[in-house]
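J.: I'd like to ask you about the structure that follows.
Any read-out appearing in this document is the output of simple, stated calculations on the displayed coordinates, not a laboratory observation. Remember, it's a predicted structure, so these values are computed and weren't measured experimentally. FYI the Cβ positions are ideal-geometry reconstructions off the backbone, even for glycines, and counts take in every protein chain you see.
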Amino acid sequence: MPDGAEEFRKMQHALDVPCLKPGAMEGVQPFKAKPEHQEKVGMPGELIPDWKEKALEKMAELGEKNRAFKVYLDTCVKCGACTDKCHYFLGTGDPKNMPVARQDLLRSVYRRYFTFAGKYFPWLVGARDLTEDVLEEWYSYYHQCSECRRCSVFCPYGIDTAEITMAAREILDTVGVGQKYSNEIIGKVKEVGNNLGLNPKALRATLEDLEEDLEEDTGLAVRLPLDEKGADILLITPSADFFAEPHIDGLLGYAKVFHEAGVSWTISSYASEAANFGLFIGSYENMREISLRIRKAAEDLGVKRIVFGECGHAWRVAYSFLDTLAGPFDFLDQKYPIPQHILEFTWDEIQKGTLKFDKSKNDDIRLTYHDSCNVARASRMGDMPGGQFEIPRNVIKAVCNNYFDMDPDTIKESTLCCGGGGGLLTDDLMDLRIKGSSPRMTALQDVTEEHGVTHMAAICAICKTQFSKVMPKFGYEMDSVVSVHQLVSNAIILTGSNDGESAEEETSDE
Amino acid sequence: MLGVIYAILFYIATAIIVVGVAMRVRTYARTPAPLKIPTTPAPTTGWGVFWRMVREVLLFQSLYKSNKWIWLFGWMMHMSLWLILARHMRYFIFESYWWIDAVQFVGTYASFTFLFGLGGLLIRRFAVERIRYISSPSDVLMLLLLIGIGASGSLMRFVTHTDIVSVKAFMLGLSRFHVGHLPSDPVLLVHLALVITLMIIFPISKLMHAPGVFFSPSRNQIDNSRDKRHLAPWAAELEK
Ligand code: HEM
Ligand code: HEM
Ligand code: SF4
Ligand code: SF4
């Protein structure tokens, strides 16, 4: 039964296309960054007097530095194929949330100042002047895009609205209009090492508490090491894993897997954050600075491998960008992928036969799996394209008996975003987050009706937080979203554990 | 006289399309992609990317996943366009090749599928609320322009008939900088005027999607970011 709030009405079908409701989300905006937040990301504190020139200068600069920006702005033929692909459009009906219309907010200005047709025939090609109203409109609608890339899959030229959104946010930042949520968090990472601002002492205390819990549960000294020099593996995980539910159960899962696999590992207090919000604001420099912390931690601790915990955008930056931003990582052991995903690690161990499970431990759960957008469409796991879909499912099926996929048009590369990605996971956008999650929630409600699904697993810190907030609005308990490694943690049989049942299982296994 | 005007226009239009497209393509080619952003699952080898491109360009694979109606009309229109252009080769080269002869027959009917596809796209532009919302006047005019070319061409082919031999002589003459006689058939003049317009607007319009598709990083990048370091020249400067 929902923990409060009225239950949201289910859409007929997850991908139902709404009628256009122009202006439905107009003016919806997250809080703007204060000067002190802006400063930490190296941007002016407030709207600068010559904002217009600077904005256009930045636009020209992006056109020279980023091929995607240039090519995407030029090649769109307005075919309309992407118009019904964005979950924010499906959820709100606001036409400016259609991917091509979102791009056009910026493209119209680009055309006006940088193309022949827009300079001399603006009415013909929908070009318009850059004004303060346009800036406000950008701020509004470029913060109604979670940079999920669903539109990019369906565009005949792969035009990725996320790239335009990032560019727009960077232009806005450059003229002094930043988003509080993202920029404040980037500041914390740079100062303290993680998004939460959890200092090393507090982190140590948290991990020690968790170790005690683990020892009580299992009777074994399953460790959560911090800053241990000479460990083999450096685990970089989203800081939400240290305190939020269900993230924390995932962290315990990683610890048990590492323990059972017999590897030495450590967390770093200096780089205690996997998420890289530099991505959200489209800032290469900020993204690079945050990534370099990981490199430094790896060097200082003398590790041989880097493994990333469950986090979507973090895995994108890690898999696709880490080597670019902070490489080359020639000081690490080249036998292993750099970096490696925790699911790749666990799946390898399962295949080697190091891990044993009692699947019945998850029998109270009927499960489905939400492919996180940036893992699905901006990264990979394993050696084969599509490994990012198979490996999580393989691990889930190894630890859980009752598994059901959602509508095929809403999973894998076509997965719907949770509604809170890309820097939108802030309370000031709650209405947008609920509406944006409704297509995913509808697909979930369908498998609940059909197969009695009770829980949904995810491998992204944002997805987990977002779902635990919005699921109650759709008739689910907030703990209906689970970490994949939480399921692993439930089912894993630790050698020598005093847990009565699992010890029995083990002997009968042999 | 007519011949001279059209000759001048053809030379100007040819210069614009060739130089214009070359300049745009040069910009695309020179602009670095700072990060690896292929839309995954993506091929992990160069050949894989080549095939992905072939599927996109010849089959419109992503569009097919996306929307069957747009795919049907769009694909029909483009494939007919290639057949028509192949058929038109006989105006520009002296001796025909076997593949030009081979498409003569199907090419004749391609004008119908061409117009059918364009008609479908035009109707969608007005009938579908979402597409109407995103359309600018130029999007509609572009379709009308192509319909105009297709319609005038078909008129010559099936109704009024024009002196093809003279047209061929005129076009071949142009390629040798010799201005010959152009038949003053109004339908032909309209056809050619519209084609000239198309050539002129090509490099400054969304028609740049044709070369653009090959430069789209989300489609042309190899998914190998863990194996090979990718670094843009301006980003390398940051490391100094
Ligand atoms: C490499 C070559 C090309 C490729 C891969 C390509 C692909 C596409 C695709 C996928 C679309 C979107 C679907 C549709 O509306 O049809 C499109 C639209 C369009 N293409 Fe092309 N195209 C190419 C060359 C051309 C050329 C040479 C022309 C014109 C002479 C052209 C004219 C158009 C027009 C006008 C549209 C917009 C249709 C509309 O208004 O809906 N294309 N193209
Ligand atoms: C310099 C360029 C061009 C010249 C000299 C030219 C000339 C002609 C002529 C003489 C015909 C009549 C054929 C006949 O009676 O058998 C024709 C037909 C046609 N043209 Fe063009 N044309 C040119 C470019 C184009 C272009 C760029 C398009 C399409 C975008 C096009 C589309 C058509 C169509 C659809 C037909 C009717 C079907 C066919 O005969 O293939 N033409 N053209
Ligand atoms: S699918 Fe691509 S080309 Fe078509 S309208 Fe959308 S962004 Fe433009
Ligand atoms: S990236 Fe995702 S959120 Fe942004 S426009 Fe595309 S589909 Fe919508």
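J.: For chain B, what is Rg from Cα atoms divided by 2.2 N^0.38 Å, rounded to two decimals?
T.: 1.20
J.: Here's something else I'd like to know. For A:Phe31 and B:Lys168, what does the FRET efficiency come to when R0 = 56 Å and r is the distance between their Cβ atoms, rounded to the nearest 0.05?
T.: According to the calculation, E is roughly 0.25.
J.: To the nearest 20 debye, what charge dipole does chain A have about its Cα centre, counting +1 at the Cβ of each Lys and Arg and -1 at the Cβ of each Asp and Glu?
T.: The dipole of chain A has a size of about 2440 debye.
J.: Another question about this same structure. Ignore the peptide's own chain and count Cβ atoms of other chains within 10 Å of each Cβ in A:96-105; give me the average, rounded.
T.: For this peptide, the per-residue mean of nearby foreign Cβ atoms is 2.
J.: Go ahead and collect, in residue order, the members of region B:50-87 whose backbone nitrogen is under 12 Å from a label point 7 Å along the Cα-Cβ direction of A:His13.
T.: The answer is none.
J.: Quick check: net charge around A:Gly278, other residues with Cβ under 9 Å of its Cβ, Lys/Arg +1 and Asp/Glu -1?
T.: Summing Lys/Arg as +1 and Asp/Glu as -1 gives -1.
J.: Let me ask something else about it. Taking the dipole about the Cα centre of the protein assembly as shown, with the C-beta of Lys and Arg at +1 and of Asp and Glu at -1, give me whichever of B:Ile201, B:Ala86, B:Phe10 is farthest to the positive side.
T.: Going by the Cα projections, it comes out as B:Phe10.
J.: Given a Förster radius of 45 Å and the C-beta distance between A:Thr495 and A:Lys296 as r, what FRET efficiency does 1/(1 + (r/R0)^6) yield to the nearest 0.05? Walk me through the numbers before you get to the answer.
T.: Values: r = 35 Å, r/R0 = 0.79.
Plugging the Cβ-Cβ distance into 1/(1 + (r/R0)^6) gives 0.80.
J.: If you don't mind, there's one more thing I want to ask. Rounded to whole Hz and in sequence order, give me ³J(HN,Hα) for region A:74-87 from the Karplus expression 6.51 cos²θ - 1.76 cosθ + 1.60, θ = phi - 60°, writing x for Gly and Pro.
T.: For region A:74-87, the Karplus curve yields 7, 8, 4, 9, 6, 6, x, 5, 8, 4, 10, 9, 8, 5 Hz.
J.: By average Cβ neighbour count within 10 Å, what is the ranking of A:105-114, B:27-36 from highest down?
T.: Result, highest mean first: A:105-114, B:27-36.
J.: Using a 4.7 Å cut-off between beta carbons, which cysteines in chain A end up with no partner cysteine at all?
T.: Singleton cysteines: A:Cys19, A:Cys76, A:Cys79, A:Cys86, A:Cys145, A:Cys155, A:Cys311, A:Cys400.
J.: Right, another one. For region A:379-468, taking Cα atoms only, what is the radius of gyration to one decimal and the Dmax to the nearest whole Å?
T.: 13.9, 40
J.: Next question, about the same structure. Based on alpha-carbon centroids, what's the gap between region B:162-240 and region B:27-88 in Å, whole number please?
T.: Cα centroid to Cα centroid, the span is 16 Å.
J.: Provide the packing ranking of B:11-18, A:439-446, i.e. peptides ordered by the mean count of other C-beta atoms within 10 Å per residue, highest first. Numbers along the way, then the final one.
T.: Values: B:11-18: 15.0, A:439-446: 24.4.
Output ranking for B:11-18, A:439-446: A:439-446, B:11-18.
J.: One-quarter of the Cα convex hull surface for chain A, in nm²?
T.: Mean projected area of the Cα convex hull: 23.4 nm².
J.: Within region B:149-180, which chymotrypsin sites (Phe, Trp or Tyr not before Pro) sit in a loop by DSSP and count at most 13 neighbouring Cβ atoms inside 10 Å?
T.: Sparse-neighbourhood loop chymotrypsin sites (Phe, Trp or Tyr not before Pro): B:Phe177.
J.: For region B:67-122, restrict the atom set to alpha-carbon positions and state the Rg and Dmax in Å.
T.: 12.7, 42
J.: Taking the Cα atoms only, what angle lies between the long axis of helix A:387-399 and the longest principal axis of chain A, rounded to 10 degrees?
T.: With rounding to tens, the tilt is 30 degrees.
J.: Moving to a separate point now. Along each of the three principal axes of the Cα atoms of region B:89-217, give the extent in whole Å, ordering the values from largest to smallest.
T.: 48, 37, 29
J.: A follow-up question, please. Summarise the partner chain shielding of B:40-50 as one whole number: the mean count of Cβ atoms from other chains within 10 Å of each residue's Cβ. Walk me through the numbers before you get to the answer.
T.: On the way: counts 18, 13, 6, 1, 4, 0, 0, 0, 1, 0, 0.
Going residue by residue through B:40-50 and averaging, the value is 4.
J.: While we're here: To the nearest 0.05, what FRET efficiency results for B:Asp227 and B:Leu2 with a Förster distance of 45 Å applied to their C-beta separation?
T.: On the way: r = 61 Å, r/R0 = 1.36.
Efficiency, rounded to the nearest 0.05: 0.15.
J.: Mind pulling the angle between the C-alpha long axis of helix B:98-127 and the longest principal axis of chain B? Nearest 10 degrees, somewhere in 0 to 90.
T.: 70
J.: Largest first and to the nearest Å, give the Cα extent of region A:38-120 along each principal axis.
T.: 37, 33, 23 Å, listed from the longest principal axis down.
J.: Quick one: which residues, 5+ away or cross-chain, put their amide H under 5 Å from the amide H of A:Gln179? H built at 1.01 Å from N.
T.: Placed amide hydrogens put A:Ala33 under 5 Å from A:Gln179.
J.: Per q in 0.13, 0.20 Å⁻¹, report the Debye log10 I(q)/I(0) for region B:26-160, using one uniform scatterer on each alpha carbon and no solvent.
T.: Log-scaled intensity ratios, in q order: -0.78, -1.19.
J.: Note the per residue figure in Å³ for the convex hull of the C-alpha positions in region B:142-240.
T.: In region B:142-240, the Cα convex hull volume per residue is 195 Å³.
J.: Follow-up. Dipole of region A:5-185 (Lys/Arg Cβ +1, Asp/Glu Cβ -1, origin at the Cα centre): which of A:Trp51, A:Thr83, A:Thr165 lies farthest to the positive side?
T.: Value computed over the given set: A:Thr83.
J.: Percent of Cα-Cα pairs per 5 Å bin, from 0 to the last occupied bin, for region A:243-304, please list those.
T.: 4, 15, 18, 19, 20, 16, 6, 2
J.: Next up: Going out from 0 in 5 Å bins, what whole percent of all Cα-Cα distances in region A:5-185 drops into each bin?
T.: Calculated P(r), rounded to whole percents: 1, 8, 16, 19, 20, 16, 10, 5, 3, 1, 0.
J.: Hey, got the average number of other protein chain Cβ atoms within 10 angstrom for residues in B:57-66?
T.: So the per-residue partner count for this stretch is 4.
J.: Compute the long axis of helix A:180-192 from its Cα atoms, compare it with the longest principal axis of the Cα atoms of chain A, and write down the angle in degrees, 0 to 90, nearest 10.
T.: 50
J.: Quick check on region A:282-419: what are the equivalent-ellipsoid semi-axes from the Cα gyration tensor, as sqrt(5λ), descending, whole Å?
T.: Calculated on Cα positions only, the semi-axes equal 29, 20, 12 Å.
J.: Give me the mean projected area, in nm² to one decimal, of the convex hull enclosing the Cα positions of region A:93-162. Mind dumping the intermediate values first?
T.: On the way: hull surface 20.8 nm².
Result: a mean projected hull area of 5.2 nm².
J.: Right, here's the next one. List the lysines whose alpha-carbon lies under 19 Å from that of A:Lys359, not counting same-chain residues fewer than 8 positions away?
T.: Leaving aside lysines fewer than 8 places away in the same chain, those within reach of A:Lys359 are A:Lys256, A:Lys397.
J.: May I pose another question? Which loop-located chymotrypsin sites (Phe, Trp or Tyr not before Pro) does region A:256-355 contain, where loop means any DSSP state but H, G, I, E or B and the Cβ has at most 14 other Cβ atoms within 10 Å? Display every interim value, and only then the final one.
T.: Values: sites: A:Phe258, A:Trp265, A:Tyr270, A:Phe277, A:Phe280, A:Tyr284, A:Phe308, A:Trp315, A:Tyr319, A:Phe321, A:Phe329, A:Phe331, A:Phe345, A:Trp347; in loops: A:Tyr270, A:Phe277, A:Phe280, A:Phe329, A:Phe331.
For chymotrypsin sites (Phe, Trp or Tyr not before Pro) across region A:256-355 that sit outside H, G, I, E and B with at most 14 neighbouring Cβ atoms in 10 Å, the list reads A:Phe331.
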